[in-house]
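Contents: one structure, followed by commentary.
The values are calculated or read from the model by the stated rules, or taken from the named source; none is laboratory data. Treat the numbers as computed from the prediction; the structure is a model and nothing was measured. Cβ placement follows ideal geometry from the backbone for every residue including glycine, while neighbour counts extend to all protein chains displayed. Side chains are part of the model used for accessible areas, which takes the heavy atoms of the whole protein and leaves out ligands, DNA and RNA. Shrake-Rupley method; radii C 1.70, N 1.55, O 1.52, S 1.80 Å.
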Amino acid sequence: MILFQKAAEIERFLKPYQHSSKTIGFVPTMGALHEGHLSLLHLSKEQCYITVCSIFINPTQFNDPKDFEQYPKTLTNDLQLLIQHQADVLFLPSVEEMYPQGFQATSYDLGYLEEVLEGKFRPGHFQGVCQVIERFLNILQPQFIFMGQKDFQQCKVVQKLIELKHLPVKMITGKTLREKDGLAMSSRNLRLSPEARRKATALYTTLLFIKEQLPYEPIFTRLKEDATERLLKQGFEKVDYVEILNAETFQPATIYNKQVPLIALAAAYIDGVRLIDNMPLTDY
Ligand code: AMP
């Protein structure tokens with residue numbers, strides 16, 4: 001694995017592959033790697049000639065400074081995992097390298113996508129996501145970018161960014177990898193106490209509850225209230241949202257119809273750690 005820390009150096013290295021049939025696959029991460037990240041690395045390796053992973057905890061996407069400070073850092077382990085899983089290139093830039101002096105922050109018109117769920121509860125978050133992804137795409141110019149369905153709304157936002165800026169890259173989404181008890185793998189799980197970790201599986205079982213109840217519970221408001229109550233009863237201290245949306249339009253869904261692609265999404269705090277997860281409710 002070749003490690004780069006400077007944008008100009010990785011740009012020079014990747015130039016022969018850009019716009020060529022020797023495709024570049026890009027897997028952006030914030031580190032504290034787990035099998036979910038590695039599954040994206042493997043998807044890229046299956047499909048692309050060269051796979052570039054990045055580790056960068058992007059300060060501009062954290063609306064809560066404490067969350068930024070406390071974000072888990074496990075670089076030695078990450079390097080071992082990336083070597084073991086045969087990543088070709090790691091880009092590990094500093095903040096100054098990503099946002100050099102004179103860097104102009106643009107504002108992205110994400111419209112409705114930024115007004116709901118993560119957009120509503122984490123103001124500015126998706127602007128930061130777009131900023132860092134656009135910067136990465138400009139430096140690396142990959143033909144493919146691999147993102148996890150675990151961050152469903154983020155996938156929608158990055159797709160919108162690609163369209164807004166006419167970026168010559170195709171996004172591929174990978175399915176959510178889970179722990180044995182169903183909890184979605186997340187770097188933030190490292191911050192949970194053993195007790196909170198045990199209880200956190202309720203986020204998964206609650207989404208499963210929604211999926212199972214859906215055909216029998218045509219009124220979604222009640223179902224969402226029941227789900228919220230379950231989370232609170234099972235140890236979550238605060239629920240930002242439990243939503244059932246049309247997975248394509250991202251608009252709130254009101255009725256169950258097998259033809260409409262539905263997805264349940266939730267965000268809640270346990271032990272002061274904010275976890276998110278989602279589950280497709282119909283086959284699509
Ligand atoms: P992060 O390091 O949390 O920014 O995540 C980097 C990429 O890994 C994003 O595209 C995430 O959606 C994806 N990812 C995070 N958790 C999982 C998971 N449990 N399964 C699959 N992909 C994931």
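Among the listed pairs 45/120; 66/224; 15/160; 6/150; 45/73, a Cα-Cα separation exceeding 32 Å is found for 45/120.
Multiplying each eigenvalue of the alpha-carbon gyration tensor of the range 1-82 by 5 and taking the square root yields semi-axes of 25, 16, 12 Å, largest first, rounded to whole angstroms. Is any residue of the range 118-149 close enough, with backbone N under 18 Å, to a label point placed 7 angstrom from the Cα of residue 6 along the Cα-Cβ axis, and if so, which? Answer for this model: 139-140. Estimated at 0.36 nm per residue, the fully extended path between residue 86 and residue 258 surpasses their Cα-Cα distance by 57.8 nm. Applying the Kirkwood pairwise sum to the alpha-carbon positions of the range 57-139 produces a hydrodynamic radius of 14.8 angstrom. Multiplying the residue separation of residue 240 and residue 271 by 0.36 nm and subtracting their alpha-carbon distance yields 9.7 nm.
Once the chain is represented by equal point scatterers at the alpha-carbon sites, with solvent omitted, what log10 I(q)/I(0) does the Debye formula produce at q = 0.07, 0.15 Å⁻¹? Values returned for q = 0.07, 0.15 Å⁻¹ are -0.26, -1.21. For the peptides 81-91, 230-240, residues were scored by their other Cβ atoms within 10 Å and the scores averaged per peptide; the highest-first order is 81-91, 230-240. Taking one quarter of the surface of the convex hull spanned by the alpha-carbon atoms of the range 85-230 gives a direction-averaged projected area of 11.9 nm².
Shape descriptor for the range 172-255: Rg over Rh equals 0.99 (Cα atoms; Rh from the Kirkwood inverse mean 1/r). Summing charges over all other residues whose Cβ lies under 13 Å from the Cβ of residue 147, with Lys and Arg as +1 and Asp and Glu as -1, gives +4.
Charged neighbours of residue 109, selected by a Cβ distance under 13 Å, balance to -1 (K, R count +1; D, E count -1).
With both partners inside the chain, how many of the DSSP beta bridges are antiparallel, as a percent to the nearest 5? Bridges in the chain are about 50 percent antiparallel. Other residues whose C-beta falls under 12 angstrom from the C-beta of residue 134 contribute a net charge of +3, scoring Lys and Arg +1 and Asp and Glu -1.
Against the chain, whose longest principal axis comes from its Cα atoms, helix 125-140 is set at around 30 degrees. With viscosity 0.692 mPa s and temperature 37 °C, the Kirkwood radius over alpha carbon pairs of the range 1-159 converts through Stokes-Einstein to a diffusion coefficient of 202 µm²/s. Consider a paramagnetic label point 7 Å from the Cα of residue 109 along Cα→Cβ; state which residues of the range 239-260 have an amide N under 19 Å from it. Counting backbone N atoms under 19 Å from the label point, the list is empty. Taking the longest Cα principal axis of the chain as reference, the axis of helix 220-233 is set at about 80 degrees. Counting heavy atoms of the protein chains alone, residue 271 has an accessible area of about 80 Å² for a 1.4 Å probe. Modelled spin labels at residue 96 and residue 121, positioned 7 Å past Cα toward Cβ, are 3.7 nm from each other.
Packing around the peptides 155-168, 38-51, taken as the average count of other Cβ atoms within 10 Å per residue, puts them in this order, highest first: 38-51, 155-168.
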